[in-house]
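Colleague: Here's a structure for you.
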Amino acid sequence: QVQFVESGGGLVQPGGSLRLSCTASGFFFGDYTMGWYRQAPGNQRELVARITSSGITIYLDSVKGRFAASRDNAKSTVYLQMNSLKLEDTGVYYCNSAPQSLYSWGQGTQVTVSS
């Protein structure tokens, strides 16, 4: 059974930083491109960053230069370093395979950017 456990979210002021983690289980993590998705209130879930099994990253334009995805295949864990956070980065962040989310979603981790 595939599971994702996201953590690291919280309340942060604009301009602040957070580092999210997602540990996966139940599939061959190292074989997959992994993505970080965001669902803002009232919006559909969107893919904000993805990282291939070899570490190549692709970002949504609105987060380029501010977010950085990384992964540790030995730990089946993907990370998202988020810097210079903006109000519009608020949402629940999830990880899953990318660019198609093949598996059931985890509980996500809430990121709230507020002054």
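The values are calculated or read from the model by the stated rules, or taken from the named source; none is laboratory data. Remember, predicted model here, so these are calculated numbers, not experimental data. Neighbour counts run over all protein chains shown; Cβ positions are idealised from the backbone, glycine included. Note: accessible area is taken over every heavy atom of the protein model, side chains too, but ligands, DNA and RNA are not part of it. Shrake-Rupley method; radii C 1.70, N 1.55, O 1.52, S 1.80 Å.
Colleague: For the pair Ser54 and Leu11, what calculated FRET efficiency results from E = 1/(1 + (r/R0)^6), where r is the Cβ-Cβ distance and R0 = 30 Å, to the nearest 0.05?
Modeller: 0.30
Colleague: Moving on to the next point. What's the local net charge at Gly10, with K and R +1, D and E -1, over the other residues with C-beta under 13 Å away?
Modeller: -1
Colleague: May I pose another question? Amide H neighbours of Gly108 under 5 Å, at least 5 residues apart or on other chains, H built in the peptide plane: list them.
Modeller: Excluding prolines and chain starts, which carry no amide H, the hits are Glu6.
Colleague: Return the ratio Rg/(2.2 N^0.38 Å) for region 48-115, where Rg is computed over Cα atoms only.
Modeller: 1.13
Colleague: Run the dipole for the chain about the Cα centre, Lys and Arg Cβ at +1, Asp and Glu Cβ at -1, nothing else charged, and hand back the magnitude in debye, nearest 20.
Modeller: 120 debye
Colleague: On the accessible surface of region 1-100, probed at 1.4 Å, how many percent belong to carbon and sulfur atoms?
Modeller: 48 percent
Colleague: Local charge sum around Asp61 (other residues, Cβ-Cβ under 15 Å, Lys/Arg +1, Asp/Glu -1)?
Modeller: Once positives and negatives cancel, what remains is +2.
Colleague: With a 1.4 Å probe and all protein chains in place, put Arg71, Arg45 in order of accessible area, largest first.
Modeller: These residues rank, largest area first, as Arg45, Arg71.
Colleague: Just to confirm a number: summing +1 for Lys and Arg and -1 for Asp and Glu over residues other than Thr77 whose beta-carbon lies under 13 angstrom from that of Thr77, what do you get?
Modeller: +1
Colleague: May I pose another question? Hey, in the GNM for the chain with a 10 angstrom Cα cutoff, which one of Ser76, Ser62, Ser84 fluctuates hardest?
Modeller: Among Ser76, Ser62, Ser84, the largest GNM mean-square fluctuation belongs to Ser62.
Colleague: Can you tell me the length gained on complete extension of the stretch Phe28 to Gln3, counting 0.36 nm per residue apart and subtracting the Cα distance?
Modeller: Extra length available between Phe28 and Gln3 comes to 7.8 nm.
Colleague: Once label points are set 7 Å from the Cα along Cα→Cβ at both Ser70 and Gln110, what is their separation, rounded to one decimal in nm?
Modeller: Modelled inter-label distance: 2.8 nm.
Colleague: For the chain, what is the accessible area per residue in Å², given a 1.4 Å probe and the full set of protein chains?
Modeller: 52 Å²
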